[in-house]
Structure formats: structure tokens, C-alpha cells
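Just so it is clear, none of the values below were taken in a lab; they were calculated from the coordinates. Please read all numbers here as calculations on a predicted model, not as lab measurements. Cβ: placed from backbone, ideal geometry, glycine included. Neighbour counts: every protein chain shown.
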Amino acid sequence: MASNTQMEINVGYQGEGENLFAIADAQLKRGYDALKLDDNLRTILSQPKNEIIIHFPVKMPSGEVKLFKGYRVQHNNALGPFKGGIRYHQDVHLDELKALSAWMTWKSALVGIPYGGAKGGIKFNPRDYSQEELEAITRRFTHALGSNIGPEWDIPAPDMGTNAQMMDWMMDTYVHIHSSTEREAARRVVTGKSLTCGGSHGREAATGQGVVYCIEEWAERKRFDLDGATLAVQGFGNVGSNVARIMARKGASVVAVGDHSCYLRNDEGFNPHKLAEYAREHRQLKGYPGGKEITRDEFFEVNCDIMVPAALELQILEKEAQVLKAKVVVEAANGPTNLGGEAILLERGIDIIPDILANSGGVIVSYYEWLQNKRSESWYKEHVEEKLQRRMKRVYDRAYRRAGELKVDLRTACYALALEQIRNVYDARGVWP
């Protein structure tokens with residue numbers, strides 16, 4: 001069993017019959033319609049530029065050879081290098097990665113960083129493998145990807161089932177299979193590395209910190225006091241646990257949590273630090289003594305002010321949206337709400353802070369890490385957090401204002417802003433030849 005793998009917890013696919021890429025495309029269409037764009041841009045962005053599928057053998061420490069299936073989907077690079085995470089999960093599939101890579105394109109464009117969108121992964125369950133085996137798989141996958149990734153071409157990062165250690169292995173492998181004269185430059189082939197290997201201060205908590213900045217902006221506009229607010233968090237990996245801990249410092253109380261093993265409730269509020277420590281040690285929430293076990297259905301019926309889905313996609317469908325009692329859903333995960341669920345939430349007056357805005361803190365600080373590597377610099381944590389806060393708040397304000405101008409919901413406004421950025425590039429550069 002892997003001992004140190006940081007995982008976003010699998011709570012099970014609830015929307016198995018739904019095509020995630022079709023949902024992403026339908027969300028994007030609302031942005032096109034709001035801006036009244038012509039069909040040419042939509043044609044260009046309707047499919048990824050590249051869909052790479054590789055089967056690669058790995059000789060395990062036991063001597064057995066196993067065959068793995070890996071992916072890298074590169075959606076668009078009009079604004080800059082492809083950028084996106086690598087996930088290790090038994091349910092990884094092509095349409096999921098196509099949707100996630102597209103969301104990365106819109107996310108980068110929305111927050112104004114010079115990246116495009118990509119996503120990749122390996123179809124296997126990392127919990128079934130030792131640390132030594134995970135290293136062998138990661139290094140062999142990196143070798144198989146070859147020149148399909150690169151510090152100025154396509155830059156992977158951690159995602160569900162992967163962590164800084166795996167990024168260190170990817171970077172080291174890439175460095176050793178390329179020219180020795182480019183080895184220092186090649187360190188920025190991945191972001192989310194450990195500090196020792198060129199990572200950035202503030203990167204581990206960046207996505208969760210960005211989620212909290214969005215919550216603060218929402219609360220300010222709603223004149224809602226976060227001191228005393230109640231919070232429910234689905235998924236208690238890196239993102240979910242950091243949201244819980246940061247919100248606790250602001251006086252909010254986490255009253256319900258859930259992961260692949262169970263859902264727990266504590267009306268008095270969990271200690272998020274002890275809960276995160278338990279989850280990290282036991283790799284699940286089940287057995288934690290500080291809460292009452294409840295069903296998944298009961299979790300979504302909990303009275304709370306803020307609901308934070310921070311696990312897998314397609315968790316809030318029509319059924320969950322009908323019973324949810326929160327004032328706002330903050331999408332820390334990618335694609336946690338389907339189209340029907342979103343329509344119900346909006347009809348019921350429940351606000352949604354969309355994923356391409358709420359969880360963009362990770363890619364923003366990844367960009368800062370890439371810049372630090374490029375410049376041979378190391379920034380203080382306070383500097384990184386200050387830059388992240390300033391950018392997140394500015395983007396939220398732009399999206400909020402654009403929603404008012406276009407008379408649309410916040411998600412559609414975010415897509416409109418992203419599309420405007422990409423449209424401007426294509427208008428200036430044209431389509432060759």
C-alpha cells in the first residue's frame with residue numbers, strides 16, 4: 001500500500017450515465033450565447049488539439065511486468081503552454097479528461113495567466129501499490145510521454161491521486177532523458193513539486209486558499225458574517241482539508257464532512273486540524289471518534305450556510321439539489337454539479353461559485369512556481385499568498401460585474417470572460433494558413 005500519497009477522496013460517481021465533456025460543452029455554450037459569438041471560435045474550441053493515449057509496461061519490484069494505460073489530453077494553447085494535472089484513478093477515462101482539459105483552458109483564460117489547458121492520468125488505483133511501485137509507474141509514464149510534455153509546451157501538476165513526490169519523480173525522469181545543457185530549465189516541466197526540488201511556498205494550500213478568497217468575496221457582497229457560519233465539506237483530501245482549516249480560522253464551523261469511507265456530522269463543529277490529521281494517518285474518515293456517522297443523503301440535507309464539494313465530479317445532481325439547504329455552493333472540485341442540479345439550485349436562490357473560478361488558486365500558484373523556476377528565484381510564502389489573494393479578488397470582482405452587465409449567472413459570466421480572452425488572441429493571430 002502507498003504510504004504517503006496525497007489523495008482527493010473518491011466519494012463515488014453519482015452521475016455515471018452523464019457525459020462530462022457534454023456538460024462542459026453545454027456550460028460553454030451559455031458563454032457563447034451571452035456574447036453572441038460566431039461559430040468559428042466554437043468550432044476551434046469544440047475539441048482538444050491532441051488526445052494522447054499510451055500503453056506502457058512497467059517491471060514491478062517483484063519482477064512481474066504490468067501494462068498500464070495512460071492519457072494526456074491537450075485542449076488549447078492559444079494563450080500559452082498546455083497546463084493541467086495528472087490524476088491516478090481507476091475510473092480515469094478519455095471524455096473525463098477532455099472535459100477537465102477544457103476547464104483548464106477556461107480557468108487559465110479567466111484568471112489571466114499565459115497558459116492553455118491540458119489534463120492527463122493513468123487508469124489504476126494508486127492505493128493498491130507501494131511507494132516503490134508508484135515511483136516505477138510514474139517514471140515509466142513520464143518516459144512514455146516523452147516530448148509530449150515540456151517546460152514551454154505542456155506542464156503537468158498534481159491532481160487526484162498524485163502529490164509533490166510524484167511531481168519530483170516526473171521532473172527528475174524528464175531531466176534525465178533530455179539534453180544535459182537544458183537540465184536546469186527542465187525543472188519547470190512540472191509544477192507542484194516539493195520545496196526541495198523547486199516547488200513554491202504556498203502551493204499545497206493554494207487551491208483551498210483560493211476557494212476561501214472566493215467565499216470571502218461572496219460573503220462581502222451578501223453582507224454575510226463568516227464568523228459563526230456553518231460549513232459542509234465533501235472530500236477531505238488536500239483541497240477540502242485546507243478549506244476547512246482556513247475557514248475555521250475565520251470563525252466558521254465545519255458541521256459535516258464526507259469521503260469514500262463515510263459521512264460524518266457534528267453540530268458543535270469538528271476540529272479540522274485533528275480531522276485532517278486523522279484522515280492523513282488512516283487515509284479515510286471512517287472511525288473518527290468526533291462525529292456521528294450519517295448517510296450520503298443525510299449529508300446533503302444538513303443545515304449549513306456553505307456547501308463545498310471538494311471530491312469528484314457529478315456529485316450534486318437533481319436529487320441533491322432539491323434537498324440542499326446551503327446559501328451557496330462553492331465548487332472546489334471540478335464539475336461537481338450537473339446541468340439539472342445547477343438549474344434547480346439557481347431556481348431555489350442558492351448561489352453557485354463555479355469551479356473555473358473557485359478552484360483556480362492551484363493553477364495561479366503553479367504559474368508562480370513556473371515563474372520562480374524560470375527566473376531562478378524563490379518567493380516568500382507571504383509574497384505568494386498576497387499575489388494570489390490580489391488576483392483572486394480581482395477576478396471575482398470582474399466576474400461579478402460581468403454577470404450584472406450580461407444579466408447572467410456567475411458561471412456564464414466566467415465563461416464569457418474566458419472566451420473574450422481567447423477570442424482576442426484568435427482575432428489578432430488569425431487561423432493559419
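General observations
- Candidates Pro289, Pro151, Pro114: whichever shows maximal mean-square fluctuation once the chain is modelled as a Gaussian network with Cα springs under 10 Å: Pro289
- When Trp370, Trp153 are sorted by how many other C-beta atoms sit within 10 angstrom of their C-beta, beginning with the fewest, the order is Trp153, Trp370.
- Derived scalar couplings between HN and Hα for region 186-203 equal 6, 4, 8, 5, 10, 10, x, 6, 5, 4, 4, 9, x, x, 9, 4, x, 5 Hz in order, rounded to whole Hz, by the Karplus curve 6.51 cos²θ - 1.76 cosθ + 1.60 (θ = phi - 60°), x for Gly and Pro.
- For Lys250, a cut-off of 19 angstrom between C-alpha atoms picks up these lysines, skipping any fewer than 8 places away in its own chain: Lys222, Lys274, Lys327, Lys393.
- Direction-averaged projected area, Cα convex hull, the chain: 20.4 nm², rounded to one decimal.
- Note on the chain: with a GNM built from Cα contacts shorter than 10 Å, the maximum mean-square fluctuation among Val365, Val212, Val175 falls on Val175.
- Mean residue ellipticity (222 nm) of the chain, computed from DSSP H runs ≥ 4 via -39,500 (n - 2.57), nearest 500: -14000 deg cm²/dmol
- GluC sites (Glu not before Pro) restricted to region 371-414 and DSSP loop, no more than 12 other C-beta within 10 Å: Glu377
- Under-15-angstrom lysine pairs by C-alpha in region 49-197, whenever the two are 8 or more apart or on separate chains: 15
- Largest-first principal axis extents, alpha carbons of region 229-379, Å: 51, 37, 27
- Highest-MSF residue in the chain out of Ile422, Ile44, Ile306 [GNM, Cα springs under 10 Å]: Ile44
- Centre separation in Å (Cα based) which lies between region 306-363 and region 233-247: 15
- For Thr337, the residues 5 or more places off, or on other chains, whose built amide H falls under 5 Å of its own are Leu314, Gln315, Ile316.
- Take every Cα pair under 8 Å whose residues are at least 6 apart in sequence, average their separation, divide by the length of the chain, and the relative contact order is 19 percent.
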